[in-house]
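Report on the structure given below.
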Amino acid sequence: MRVVAGIGGATLIALMLAEFFVTFMLPRRVKRDPRIARGLLKLLWWPWRALARRLEPSSADTWLGFFGPLALLVELVVWTLGLIAGFALLEWSAVGGSFGHRILFSSGLFVSAEGVSGSTLVHVIALWEAATALGVLFIVIGYMPAVYGAFSRRETAVSQLATRAGSPPAAGVLLQRVASQERWRELERDLRAWEEWAAELMETHLSYPLLGFYRSQHVNQNWLAALTAMVDVAAFVGAIKGEGKSEAAEITFDIGRHALSDLAHQYQVDPGRVDRLSGSEFDELYGLIAAAMTHPVEREETRRRLDELRQVYEPNAQGLADFLALDLPPWLPSERGPDGSMRKPRVGVGSDRGDLVGQPARGQVREGDGFEDGA
């Protein structure tokens, strides 16, 4: 019996260390995910999200915001308890006695609060456990700054986009601003900056999937809405300029589409059904942008091309939005001026605007060449 316990303990230790290594250290491939961590996340997320649906939107967003940090702590506790149990089985197989005492002894060794006495084998097991505990501690110390550094960089870009495209961001606001003031060069620079941000977001969220559950400080902002709005802009520019006429837009679209596809695979979500741009909204947006260009692609050809591009990324974006309980951005803002023109949704800064966490939200928790015309 003790031999079986020893084999089981060694197997449990190996399994916990392998999962810990893959979860916290290994830069993962898209198709390789730690099974225990993935199962644990799903086990926690489904009831957590179900409870959020019963709350008011602002309270639901606050509740969902606790999930990412708490899930990280739960994972650490699971790995730690698994290692303690595994070493307790090894020690019990070596010296026998009460298994409850072995658990307490193993726990003390893991936190370096227990002295060692007994045979050489017990000393070897104790040394192995203490070394493992130190390794886990040092890895976690290095992991936390990496996760929160990636979160900070992500949210900086989300906040910057909000000042230009509103909260939530709308592609139409950005495009109208560029067309009305002829800031095509500025848009090109923005697209190249978004390309870098989308690439970093994809890399960090594949390496640290828990980041996807970390929510923004403002309830009408989120990383998925920002990424989708950026891809919206790139898609529309590529469609109205014509194929091969807007290098920065095409590159940004490709990296954004790639990010949404890989993240949908990472979180194992199915593509969603969505039509975010109605015919009347397209006509309004096309009229605004085409009027500022000398040689835009014809309306019907632009619409056909845009529909093709949207089918490549919007279903994955909707699937992620449904799974993570995030809102996708509109193409055009809901706020309008007295003459019916588009207005940038303002970023709230207090209870009067209701855009801070804990305040009422507008959203709901749901289930290259230059860009100057002629360049």
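What the table shows:
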{"item": "Options Met230, Met202; residue that is surrounded by 14 or more Cβ atoms within 10 Å (Cβ to Cβ), in a helix (DSSP H, G or I) and in contact with a Phe, Trp or Tyr (Cβ under 7 Å, 6 or more places away or on another chain)", "result": "Met230"}
{"item": "Selected residue (only one of Glu314, Glu372, Glu367, Glu335 is at pLDDT 60 or above and more than 17 Å from Leu227 (Cα to Cα))", "result": "Glu335"}
{"item": "Residue list for the stretch 263-283, filter: surrounded by fewer than 18 Cβ atoms within 10 Å (Cβ to Cβ) and part of a helix (DSSP H, G or I)", "result": "His265, Gly279, Ser280, Glu281, Asp283"}
{"item": "The stretch 140-186, residues that are modelled with pLDDT of 85 or more and either outside any helix (DSSP H, G or I) or of a type in the set (Phe, Trp, Tyr) (or both)", "result": "Tyr148, Phe151, Pro168, Pro169, Ala170"}
{"item": "Residues of the stretch 83-100 classified as touching a Phe, Trp or Tyr at 6+ places or on another chain (Cβ under 9 Å) and assigned to a helix (DSSP H, G or I), total", "result": "9"}
{"item": "Selection status of Glu243, more than 17 Å from the chain's Cα centre (by Cα) and in a loop (DSSP other than H, G, I, E, B)", "result": "yes"}
{"item": "Single match in Ser58, Ser107 (criterion: modelled with pLDDT under 80, part of a helix (DSSP H, G or I) and under 21 Å from the mean Cα position of the chain (by Cα))", "result": "Ser58"}
{"item": "Every pair of residues 6+ apart whose Cβ atoms lie under 6 Å, when the first sits in the stretch 5-27 and is closer than 17 Å to Gly135 by Cβ while the second is part of a loop (DSSP other than H, G, I, E, B) and of a type outside the set (Asp, Glu)", "result": "Glu19/Pro34; Val22/Pro34; Thr23/Pro34"}
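The values are calculated or read from the model by the stated rules, or taken from the named source; none is laboratory data. None of the values given here were measured: they were computed from a predicted structure. Heads up, the Cβs are rebuilt from the backbone with ideal geometry, glycines too, and the neighbour counts pull from every protein chain shown.
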